[in-house]
Structures are given as structure tokens and as C-alpha cells.
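The values are calculated or read from the model by the stated rules, or taken from the named source; none is laboratory data. As the structure is a computational prediction, the values presented were derived from the model and not from experiment. Cβ placement follows ideal geometry from the backbone for every residue including glycine, while neighbour counts extend to all protein chains displayed. For the accessible areas, the whole protein counts, side chains as well, though only heavy atoms, and no ligand, DNA or RNA atoms are used. Shrake-Rupley method; radii C 1.70, N 1.55, O 1.52, S 1.80 Å.
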Amino acid sequence: MRDSKSPLFGVAEDVIEAREGRLVRKANAAQGETYAAILQRAQQPSISAEGTAKPGDEREQFSFYSFGAVFAKVRVDEASGTVRVAQLCAVYDVGRLMNPQTARSQFIGGMAMGLGATLMEATHYDARNGRAVVRNLADYHVPSMADTPDILVEALNIPDPHISALGARGIGEIGCVGTPAAITNAVFHATGQRLRSLPLTPDKLLKALAS
């Protein structure tokens, strides 16, 4: 540090670090000063800096993905091919929950979206010109409240010690991805028929049962 008025005057740059809004000596955090003091002495209103950071080898040692397990209870009418989901249950590991209330809503909303993708949502295209023929919610069906069962979700809320100081991983669309597999597995358990294309419409189930 070349400023003679600084508590860090004469200290080499490689033994100085930024910590909690201050520049301090690594070996002695009491020896240092705030950014505000530095700017005031330099008569500058602000300071800016640029830097680059690259992932270390921690990504080769640890997995930073979120995880979950989803379970579904279904009722199948084999005469009509109708599938109704009676209950959905899930447990997720997403690290620390920064906001448990919004996290719960994110989980439930994602599972409801997964339910729609599994049983009713489909986009159809005109074979002649490739245009989508399903253009509004009158034709593109999404789950209503009557279609959505009781959804129970839990999160482990265990901070991830490797990803960051916060210990939080992403939730994103994790509620969506496991729900279709849980429902199709439940349908297989109920009927013995493994359906591998979504949505699980009655015609597909009736065709599988007939074969």
C-alpha cells in the first residue's frame, strides 16, 4: 500500500484481502480500513473494478444438482381409459431453503405442471403447413383445481457445504421433472401397461389394454 495515511502503508499487496467491506491484512484483520475511508481520503465518490473467476476442481469432486423423489397414487378406469391422480407426494433436497413459503409454492406449482404434462397437455401441428392448431386454453388443456389432487411436499433443508457460503441450490423446475415418471409408474402398477409417450390420454391406455 503506497498511501502513507493508510493503516496498510508499506504492506505488500499479496498479504492484503477484502473482507466485510474493508481492506485488511490477512494475518491481522484489525489492521485495515473501510472502503469509505479510502474513497474519502482520495476524494472519490465511488470505485469500480473488474475481475474474472473460473470454477475450480470442486465440480469434479461434488455434485451440485438438486434431488427429489416423487410418489403418486392414481385411479384408473379401464373401461374408459381415464386416469385420475388421487394424491402426489414428494421430498426434495435443494440445500438450504432461503424462503420456505415460496419454495413450497414452487414445488407444488411444478408438480401441478408435471401433472398437466402427464395427462392432458399436448401441442398438435397441421401436417400440411407445420402450424400449431392448438392456440388457446380452450384447446390446450391444463389442470384445473378439480384435476389437481392433494399435494404433499417436504424439503430436507440441509445446507450444501460445498456449493457456496449460503448452502442453497436451485429449485427451478425440479417439481415438474419427477412427476410424469411417478404418475406413469403408478399407472403401470395399476394396469400392467407401460405407456412411454405423453400425455397419457384415454385412447393410448385403451389401445394398450386391448393389446
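Residue 144 meets all of the listed conditions (1) surrounded by 12 or more Cβ atoms within 10 Å (Cβ to Cβ); (2) not in a strand (DSSP E or B) but one, namely (1). Selection of region 182-209 for residues being assigned to a loop (DSSP other than H, G, I, E, B), open to solvent by 50 Å² or more (accessible area, probe 1.4 Å) and among the small types (Gly, Ala, Ser) yields only 197.
Just the residues that are over 12 Å from residue 111 (Cα atoms) and part of a strand (DSSP E or B), please, taken from region 69-84.
In the first step, residues of region 69-84 are kept if they are over 12 Å from residue 111 (Cα atoms); the result is 73-84.
Of everything in region 69-84, those that are over 12 Å from residue 111 (Cα atoms) and part of a strand (DSSP E or B) turn out to be 73, 74, 75, 76, 77, 82, 83, 84.
When 172, 130, 192 are screened for being in contact (Cβ under 8 Å) with a residue 60 or more places away in the chain, at positive phi and out of contact with any strand residue (DSSP E or B) (no Cβ under 8 Å at 6 or more places or on another chain), only 172 passes.
Taken residue by residue, region 58-65 has no member that is open to solvent by less than 80 Å² (accessible area, probe 1.4 Å) and assigned to a strand (DSSP E or B). Of all the numbered requirements in (1) of a type in the set (S, T, N, Q); (2) open to solvent by less than 40 Å² (accessible area, probe 1.4 Å); (3) at positive phi, residue 179 misses one, and that requirement is (3). Taking the listed residues 84, 41, the one that is open to solvent by 70 Å² or more (accessible area, probe 1.4 Å), in contact with a Lys or Arg (Cβ under 7 Å, 6 or more places away or on another chain) and modelled with pLDDT of 90 or more is 84, with no other qualifying.
You will find that of 21, 10, 68, 32, the residue that is small (Gly, Ala, Ser), within 24 Å of residue 195 (Cα to Cα) and open to solvent by less than 70 Å² (accessible area, probe 1.4 Å) is 68 and no other.
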